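Colleague: Have a look at the structure that comes next, please.
The values are calculated or read from the model by the stated rules, or taken from the named source; none is laboratory data. Quick caveat, the model's predicted, so the values are computed rather than measured. Using ideal geometry, Cβ is built from the backbone for each residue, glycine included, and neighbour counts are taken over all protein chains shown.
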Amino acid sequence: MGTALRIGTELVAAMIVGVGGGLLLDRWLGTAPWGLIVMFFLGAAAGVLNVYRAVTGLGIAAGYSRPTGDNERQDGDAH
């Protein structure tokens, strides 16, 4: 239940930030509705990326990398 709530919150928060930023950008530059459209898609992409990280567990560890074995480097070669 907690994971589902986190995923929903991540997606909604990214969309709110994207749309809000787009509206502010349009008001500041007078480019309505282009800022809103562009920031909507950027917010949606950020939300999907955050959901992917949450589901795969990549957002848990610092640096977003999976732990490797003791004798294996990041590129897969042995020491």
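Colleague: Looking only at the stretch 40-56, how many residues end up being surrounded by fewer than 14 Cβ atoms within 10 Å (Cβ to Cβ) and within 15 Å of Met15 (Cβ to Cβ)?
Modeller: Qualifying residue count, the stretch 40-56: 3.
Colleague: Taking the stretch 28-56 on its own, how many of its residues are basic (Lys, Arg) and at pLDDT 95 or above?
Modeller: 0
Colleague: Still on this structure, I have one more. Taking Glu72, is it in contact with a strand residue (DSSP E or B) (Cβ under 9 Å, 6 or more places away or on another chain) and either at pLDDT below 90 or exposed (fewer than 12 other Cβ atoms within 10 Å of the Cβ) (or both)?
Modeller: yes
Colleague: Can you tell me how many residues within the stretch 10-31 are outside any loop (DSSP other than H, G, I, E, B) and exposed (fewer than 13 other Cβ atoms within 10 Å of the Cβ)?
Modeller: The number of residues fulfilling the criteria is 5.
Colleague: Which residue, of Gly59, Gly63, is surrounded by 13 or more Cβ atoms within 10 Å (Cβ to Cβ) and at pLDDT below 65?
Modeller: Gly59
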